[in-house]
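Below is one structure, written out as structure tokens; comments come after it.
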Amino acid sequence: MFMFAFVSLSILCIGATVPFLFGVTSYVCSSLCSFQSIALVLCSFQSVALVLWWTVFSSLRSGLPNFVCVALALGVLGYLPRGLRLDSGDLAYQSKEVRRELELLSAAFSVPWLAKVTIVASNDINEDTLISLNAQGHAIDSFGVGTHLVTCQKQPALGCVFKLVELNNKPCMKLSQEVAKVTIPGCKLAYRLYGSDDCPLLDLMTRSEEPAPSVGQRVLCRHPFQESRRAYVSPSRVEQLHKMYWKNGQVCQDLPSLEEVRQFSFKGISELRSDHKRPLNPTPYKVSVSDSLYHFTHELWLEYAPIGELS
């Protein structure tokens, strides 16, 4: 069967200084011909890790059978494909069908490695796509995230500003008619307070001269600007969040490695309650201030905020 197709093959040559990418554009040839032409090139390599993917008229009726034919032939020659990629259509359905077929053929031809071929999926993968795939159930082992990794769809830019909170050991704050833009003055420390289930309850900011919260000791936690929103918390665990890495123009302690930062982020996310992480209407995570910091902020605010005049 002849069709318009683009078939490409990624080959990582073990021991080579750079990975090689082979591509074949097939406009008058079947996808099997394309796979075969690249398979001939493989024979010149002694050791390769092979990943195949296709973009064809039908992944299940054409791409998968042709992949299996070439994969089995290469297996006889000692070249074991490691994976395949799906990049269009119904990824959940296709992945399950591909895995089912691979397992059946693996048993039929007595080739155990075929059932373990990695299934990679791409095609503008984003957070909503992943949530949908997980809800449907799928057999995808790995996701290729490109566009929405470089530019986050929901947050394409980081809205962040630095505000001066202390100058020459004197606290200062930004005043505004919009409460959201009013800053909390002075040098502060931050702590994470955990509940009896060992999940974080809230983060608490205190003045730097205040004593740290203690396990089992009740502490009043307040909303920075809404007087009636307050609660006593008796933490089962207290974690200090603030660490000094840059002081007086110098790095003052060793910076964590990229892997340490990664593990720290995973740990923090895993500890959050599920209602904080749900994609629809998540529970806002609370960031509170101590009673001392609350009163200090409002006293300074009233001291320097201009008083209007009416006539």
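Worth a mention:
- Gain on full stretching of the segment that runs from SER265 to VAL251 - 0.36 nm per residue minus C-alpha separation: 2.8 nm
- The range 87-158 - charge dipole about Cα centre, Lys and Arg +1 at Cβ, Asp and Glu -1, debye rounded to 20: 180
- Here the range 235-291 is treated with +1 on each Lys and Arg Cβ and -1 on each Asp and Glu Cβ, and its dipole about the Cα centre works out to around 180 debye.
- Selection from PHE162, GLY216, ALA107 lying farthest towards where the dipole of the range 99-226 points positive, charges on Cβ: PHE162
- Each distinct pair of alpha carbons in the range 85-216 adds a 1/r term; the inverse of their mean, the Kirkwood radius, is 20.4 Å.
- Stokes-Einstein diffusion of the range 205-285 at 25 °C, 0.890 mPa s viscosity, Kirkwood radius from Cα pairs, rounded to a whole number: 151 µm²/s.
- Assigned charges on the beta-carbon of Lys, Arg, Asp, Glu; the range 131-289 dipole about Cα centre (debye): 540
- Gain upon complete extension [LEU164, ASN126; 0.36 nm per residue less C-alpha separation]: 10.0 nm
- Taking amide hydrogens as placed 1.01 Å from N in the peptide plane, the amide H of LEU201 sits under 5 Å from those of LEU193, TYR194, GLY195, each at least 5 positions away in sequence or on another chain.
- ³J(HN,Hα) computed for each position of the range 285-295 - Karplus, 6.51 cos²θ - 1.76 cosθ + 1.60, integer Hz, glycine/proline x: 7, 7, 10, 10, 10, 6, 4, 5, 5, 4, 5
- Lysines whose Cα lies under 23 Å from that of LYS181, excluding same-chain neighbours fewer than 8 positions away: LYS154, LYS163, LYS170, LYS286
- Low-density loop positions, trypsin sites (Lys or Arg not before Pro), the range 232-307 - DSSP coil, at most 13 other Cβ in 10 Å: LYS243
- Summed residue charge, Cβ within 12 Å of SER265's Cβ, Lys/Arg positive, Asp/Glu negative: -1
- Cleavage-rule hits (trypsin sites (Lys or Arg not before Pro)) in the range 122-205: DSSP loop, at most 15 neighbouring Cβ within 10 angstrom: LYS154, LYS163, LYS174
- Dipole of the range 186-311 [Lys/Arg +1, Asp/Glu -1 at C-beta], most positive-end residue of GLN263, GLN250, TYR294: GLN263
- Among residues other than TRP113 with Cβ under 13 Å from its Cβ, the summed charge is +1 (Lys and Arg +1, Asp and Glu -1).
- Qualifying chymotrypsin sites (Phe, Trp or Tyr not before Pro) for the range 191-289 [loop in DSSP, other Cβ within 10 Å: at most 16]: PHE225, TYR245, TYR285
- Taking every DSSP bridge with both residues inside the range 161-311, close to 85 percent are antiparallel.
- From the Kirkwood radius over Cα pairs of the range 125-200, Stokes-Einstein at 20 °C and 1.002 mPa s returns a whole-number translational diffusion coefficient of 122 µm²/s.
Where a number appears in this text, it was derived from the coordinates with a stated rule and is not lab data. The structure displayed is predicted, hence computed values, not measured ones. Ideal geometry is used to build each Cβ from the backbone, glycine not excepted, and the neighbour counts take in all protein chains shown.
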